[in-house]
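Student: I have a structure I would like to understand better, so I am pasting it below and will then ask my questions one at a time.
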Amino acid sequence: MSYLKLLFRMILATGLVMASVRPLHAQQLKQKISVEFNNTPLEEVLRELSRQSGILFSYNPGSLPPDSKITYKASGKTIETILDDILSPLNITRIQREQQVILKPGKTLKADSGTALIQKYTLSGFLRDERTGEALIGANVYDKKSYSGTTTNAYGFFSVTLPEGRYEITFSLLGYAASTLAVNLDKNRSLNIKLNETGIDMKAVEIKGGFDDKEITAGNAGEVRLTAAALKRMAGFAGNIDVIRSLQAVPGINSFGDGSSFYYVRGGNNDQNLMLIDEAPIFNPAHLFGFFSALAPDAIKDVRAFKGDFPASYGGRLSSVIDIRARDGNLNRLGFSGNLGIFTSDLTVEGPIMKEKSSFILSARKSNLNWLNSEKILNKSITIDFYDLNAKLNIRINEKNRLFLTGFTGKDDFSRITNSSVNTFGISWDNTTGTLRWNHLFSNRLFSNTTAVFSKYNYYLYISREQDDYWLSSVRNRTVKTDFTFYMNPANTFRGGAEISGHHSNPGNVHFSDENTQKSAPVIPEYNSLGVSLYLSNDQMIGDRLLLKYGLRLSSWRNTGPATVYFYDAAYQVIDTVSVSKGSYFTPYYRPEPRLSIAWRIGRESTLTAGYTRTAQYLQMLSNSTSPFTSLEVWAPSGPNIRPQTADQFTAGFLTRFNRNPVQLSVEAFYKKFHNQIDYKDHANMLYNPFIEGELRFGTARSYGIELLMKKSSGRLTGWVGYAYSRVLKTINDLNNGLEFPAIYDRPHSLFTSFTWKSAGFIDVSGSWFYMSGSAYTAPTGFITFNGYTVPVYGAKNNSRLPDYHRMDVSFSFRLNKPDNRYKHNIVLSFYNLYAHKNPFAFAFNKIMNDKGEFVVPADLDGTYEVIPTSISVAGMIPSLNYTFRF
């Protein structure tokens, strides 16, 4: 009897399928219905769902769980959701065919307790560029139906674990054609996927604040990402791609102006920003006082900037991290590219050492500013020169191991020769870094990267080049760290790691070629320090709307001997001196740094975000100047007299698109509290001073603001408009009578626009416009005359502002080749500060006139002329012409 009953059920199920030829559309599964079942047999449940939705179900009744009774209630839910709710606990999988939904039991494993477990498998591999073999960073990898998935890491690796079944896996990245692959996940599988780059509809900049366009993963609050393709489309100085200047077109990241290489992020000081090139820190990322960035343009692959929620893997700075990844080199064929210009020229050569196994890339850039040396131009003989060199090796040992070796060096030189043919003025700085990284796959879900880093920065103030007399400050860093990523499942990605760093700092000593003079010169004690950090974090997806990112970084710092430590009283006078022997540790510090961010998706177009981040900084730059011509950079660690700086930042944001068109709006507000902030006493002596720590004053600071950005990310016209309102206020002991005052980099209003027009012809146009409130400075409130001397009288600190800063940059690119030619070359005509607006970076109050009756800058002589305020600007309109090529 049971056999006849079973046969009848099979005939009935088959008949239902054959009775209709109407195809099943995806929209049917999206229908919303209401049902209620109370201890109802599964077959009756399926018949009721079929009646309400019109969907046909095909199954073998003998393969379904016997005596299955369903108790379930749903109101206004989709058929797809209802089926998942009912079938998943029964370990029944469904497959959508052309005309029906097929039900079948999933494979099970028996646990020790005998409980049935659903079998899951892992899909992993690497995503690369089809043409070059470069690893693709931050690409989406997801199931097209459920949107379960992940993103590729900094080395192009992905791993996603899903229940057994057939999936359509999509691979997508900005600037690349998406690819979808049918995968039968009946075992662990490894794939190496390649994507083709597209030439249009590339987002110029990606502002992350929640779920990305595919609603798979979420970026961190306040995260900005620039790809190499995006950088090439943006206007740079003198026709050059520039990372820092491109980021300064985003709300929340401000430059000081034309007269400085400094940049400031959400109320933080310049030294509170960390720039990494292949994980090595760069202490001065500028050429020519900030007009150029210290990395050859063609060497850049990807840029990620964090101004809000830092991932727990980053530490050491309070305000921002700019993580630059250098290109790996073409694994498939030899190529070259370059630029010939009025200001700089650069050349990049890359290619395979062993095809598909190893590659190299070598990029070099040098300034072409010798034409400025003529006395006819500036009435003085000067030297302005810089260069940088970037090299990288990429070696794929096997499918589980890979090595990267990166080297970078760059140098700037500025000097002036007097009539006596002796260099009486000169400054120079150089960066050198080296990175060795080892990628290892322990399994298809556990990825590791171990890194060894060396970085050194030197800053010279030359007294005489011919006699080799100079003042030198330097900082050196050696780091070893390892990072692990465990892709537990699509809802959880764990990251953890450890880092140990050794630091050496020379706060400024003088070198004389004459031995007797050198022996009589005072020696400023140098610093040695050791930092150790551990971190653990998780990215957790809860349902399909809520994403949590939480983690903890534990950092520690201690100084090591040999060292000479000075102790100060309340009046900042030295009261004791202690000598620390070599190998001894002193003044340890420990700081927990929790990180938390939340992204809540509202519908399919909008996301709400919130976050909290605590950061700690143990190494700081001591300099009380923002001018590139007088800035003397001294790096000093935390110790007995300098406590570690910390910051607590709270953020809240909203991100939305307008009906899935290419226009996106983001709004983010922040509040930030800084502790143990550093400032300087009036007329501080920061040069060649063994008691430099006694020149410092400490206190707190706070910053707050709101940032708005509207961007259009596709089409021939792309770009964005951004606005930020923010304040930075400091309270420092023994300064300004203990009252709160604005920081010099406090700029309440900033407005930025950037656009790119990619024509159908041979001309592309890009441009940007910048506006910022003037920076704060301390101006005299009056002058008094005493015994023939005019003396300024000062009131509150930073009581006045420079004029507002604004400028426009425009670039025209003329394509000289046909679109399908392998050799591509362009003429680029660009204009920096198009309308030649004078943006002062300083004011001087002068009373000296030259022979023509003009007041001059600077003025430090006694006289009887009227005191006149005079502004100092760096540059007017600067045109440039470049020839770029690529093969």
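Student: If Gln518 satisfies every condition in (1) outside any strand (DSSP E or B); (2) within 20 Å of Asp271 (Cβ to Cβ) but one, which is the exception?
Tutor: (2)
Student: Working only within segment 669-696, note down all residues that are open to solvent by 20 Å² or more (accessible area, probe 1.4 Å) and among the basic types (Lys, Arg).
Tutor: Lys673, Lys681
A quick yes/no check of all residues on (1) modelled with pLDDT under 95; (2) within 25 Å of Lys672 (Cβ to Cβ):
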position: Val532; (1), (2): no, no
position: Pro562; (1), (2): yes, no
position: Tyr572; (1), (2): yes, no
position: Thr577; (1), (2): yes, no
position: Ala599; (1), (2): yes, yes
position: Ser627; (1), (2): yes, no
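Student: What number of residues within segment 795-837 are buried (at least 16 other Cβ atoms within 10 Å of the Cβ) and among the aromatic types (Phe, Trp, Tyr)?
Tutor: 4
Student: Okay, next question. Just one of the numbered conditions (1) modelled with pLDDT of 90 or more; (2) out of contact with any Pro (no Cβ under 6 Å at 6 or more places or on another chain); (3) among the aliphatic types (A, V, I, L, M) is not true of Leu717; which one?
Tutor: (1)
Student: Right, next: In segment 359-375, how many residues are modelled with pLDDT of 90 or more, out of contact with any Leu (no Cβ under 7 Å at 6 or more places or on another chain) and either within 20 Å of Lys194 (Cα to Cα) or open to solvent by 10 Å² or more (accessible area, probe 1.4 Å) (or both)?
Tutor: The total comes to 2.
Student: Of all residues in segment 738-773, count the ones that are in a loop (DSSP other than H, G, I, E, B) and touching a helix residue (DSSP H, G or I) at 6+ places or on another chain (Cβ under 9 Å).
Tutor: The qualifying residues number 1.
Student: Taking segment 779-793 as the region of interest, how many residues are out of contact with any strand residue (DSSP E or B) (no Cβ under 6 Å at 6 or more places or on another chain) and not small (Gly, Ala, Ser)?
Tutor: Within segment 779-793, residues that are out of contact with any strand residue (DSSP E or B) (no Cβ under 6 Å at 6 or more places or on another chain) and not small (Gly, Ala, Ser) number 4.
Student: Report yes if some residue within segment 588-609 is of a type in the set (A, V, I, L, M), open to solvent by less than 20 Å² (accessible area, probe 1.4 Å) and either in contact with a strand residue (DSSP E or B) (Cβ under 8 Å, 6 or more places away or on another chain) or assigned to a strand (DSSP E or B) (or both); otherwise report no.
Tutor: Checking segment 588-609: at least one residue is of a type in the set (A, V, I, L, M), open to solvent by less than 20 Å² (accessible area, probe 1.4 Å) and either in contact with a strand residue (DSSP E or B) (Cβ under 8 Å, 6 or more places away or on another chain) or assigned to a strand (DSSP E or B) (or both).
Student: Could you go through segment 717-726 and let me know if any residue there is polar (S, T, N, Q), assigned to a loop (DSSP other than H, G, I, E, B) and either surrounded by 22 or more Cβ atoms within 10 Å (Cβ to Cβ) or more than 26 Å from the chain's Cα centre (by Cα) (or both).
Tutor: No, there is no match, as no residue in segment 717-726 is polar (S, T, N, Q), assigned to a loop (DSSP other than H, G, I, E, B) and either surrounded by 22 or more Cβ atoms within 10 Å (Cβ to Cβ) or more than 26 Å from the chain's Cα centre (by Cα) (or both).
Student: Please go through segment 644-661 and pick out each residue that is crowded, with 16+ Cβ neighbours inside 10 Å and outside any strand (DSSP E or B).
Tutor: Pro644
Student: Any residue in segment 294-315 that is surrounded by fewer than 24 Cβ atoms within 10 Å (Cβ to Cβ) and over 14 Å from the mean Cα position of the chain (by Cα)?
Tutor: No, because not a single residue in segment 294-315 is surrounded by fewer than 24 Cβ atoms within 10 Å (Cβ to Cβ) and over 14 Å from the mean Cα position of the chain (by Cα).
Student: Okay, moving on. If a residue has to be in contact with a helix residue (DSSP H, G or I) (Cβ under 8 Å, 6 or more places away or on another chain) and open to solvent by 10 Å² or more (accessible area, probe 1.4 Å) to count, how many in segment 276-292 make the cut?
Tutor: Residues that pass the stated criteria total 3.
Student: Please indicate, with yes or no, whether at least one residue in segment 636-643 is of a type in the set (S, T, N, Q), open to solvent by less than 20 Å² (accessible area, probe 1.4 Å), touching a Phe, Trp or Tyr at 6+ places or on another chain (Cβ under 7 Å) and within 29 Å of Ser474 (Cα to Cα).
Tutor: Checking segment 636-643: at least one residue is of a type in the set (S, T, N, Q), open to solvent by less than 20 Å² (accessible area, probe 1.4 Å), touching a Phe, Trp or Tyr at 6+ places or on another chain (Cβ under 7 Å) and within 29 Å of Ser474 (Cα to Cα).
Student: Scan segment 575-582 and give yes if some residue there is in a strand (DSSP E or B), open to solvent by less than 70 Å² (accessible area, probe 1.4 Å) and without any contact (Cβ under 8 Å) to a residue 60 or more places away in the chain, otherwise no.
Tutor: Checked against the condition, which is being in a strand (DSSP E or B), open to solvent by less than 70 Å² (accessible area, probe 1.4 Å) and without any contact (Cβ under 8 Å) to a residue 60 or more places away in the chain, segment 575-582 yields at least one hit.
Student: Can you list the strands (runs of 3 or more DSSP E) lying wholly within segment 124-178 that have 1 or more residues being surrounded by fewer than 21 Cβ atoms within 10 Å (Cβ to Cβ) and either among the acidic types (Asp, Glu) or out of contact with any His (no Cβ under 6 Å at 6 or more places or on another chain) (or both)?
Tutor: 140-143, 157-163, 165-172
Student: What number of residues in segment 727-749 are open to solvent by less than 30 Å² (accessible area, probe 1.4 Å) and of a type outside the set (Lys, Arg)?
Tutor: Counting residues in segment 727-749 that are open to solvent by less than 30 Å² (accessible area, probe 1.4 Å) and of a type outside the set (Lys, Arg) gives 10.
Student: Would you say Asn273 is polar (S, T, N, Q), modelled with pLDDT of 90 or more and surrounded by fewer than 22 Cβ atoms within 10 Å (Cβ to Cβ)?
Tutor: no
Student: Would you check which residues across segment 339-358 are of a type in the set (A, V, I, L, M, F, W, C) and either open to solvent by 90 Å² or more (accessible area, probe 1.4 Å) or modelled with pLDDT under 90 (or both) and list them?
Tutor: Matches in segment 339-358: Leu340, Ile342, Phe343, Ile353, Met354.
Student: Sticking with this one: Say whether the condition of being open to solvent by 20 Å² or more (accessible area, probe 1.4 Å), within 30 Å of Asn153 (Cβ to Cβ), outside any strand (DSSP E or B) and not acidic (Asp, Glu) is met by at least one residue in segment 488-502.
Tutor: For segment 488-502, residues open to solvent by 20 Å² or more (accessible area, probe 1.4 Å), within 30 Å of Asn153 (Cβ to Cβ), outside any strand (DSSP E or B) and not acidic (Asp, Glu): present.
Student: Determine whether Ala182 is modelled with pLDDT of 80 or more, out of contact with any Asp or Glu (no Cβ under 9 Å at 6 or more places or on another chain), surrounded by fewer than 18 Cβ atoms within 10 Å (Cβ to Cβ) and over 25 Å from Ser768 (Cα atoms).
Tutor: no
Student: Scan segment 459-479 residue by residue and report those that are buried (at least 19 other Cβ atoms within 10 Å of the Cβ), modelled with pLDDT of 90 or more and of a type outside the set (Ser, Thr, Tyr).
Tutor: Correct list: Val475, Asn477.
Student: Could we say that Arg822 is farther than 23 Å from Ser754 by Cβ and touching a Ser or Thr at 6+ places or on another chain (Cβ under 9 Å) here?
Tutor: no
Student: Out of everything in segment 185-197 that is touching a Lys or Arg at 6+ places or on another chain (Cβ under 8 Å) and aliphatic (A, V, I, L, M), what residue ends up being most open to solvent (accessible area, probe 1.4 Å)?
Tutor: Looking at the filtered set, the residue picked out is Ile193.
Student: Would you confirm whether any residue within segment 38-56 is farther than 19 Å from Val101 by Cα, crowded, with 16+ Cβ neighbours inside 10 Å and not small (Gly, Ala, Ser)?
Tutor: Within segment 38-56, one or more residues are farther than 19 Å from Val101 by Cα, crowded, with 16+ Cβ neighbours inside 10 Å and not small (Gly, Ala, Ser).
The values are calculated or read from the model by the stated rules, or taken from the named source; none is laboratory data. Note that the coordinates shown come from a computational prediction; the quantities given were computed from them, not determined experimentally. Note that we place each Cβ from the backbone using ideal geometry, even for glycine, and neighbour counts take in every protein chain shown. Only protein heavy atoms, including side chains, enter the accessible area calculation; ligands, DNA and RNA are left aside. Shrake-Rupley method; radii C 1.70, N 1.55, O 1.52, S 1.80 Å.
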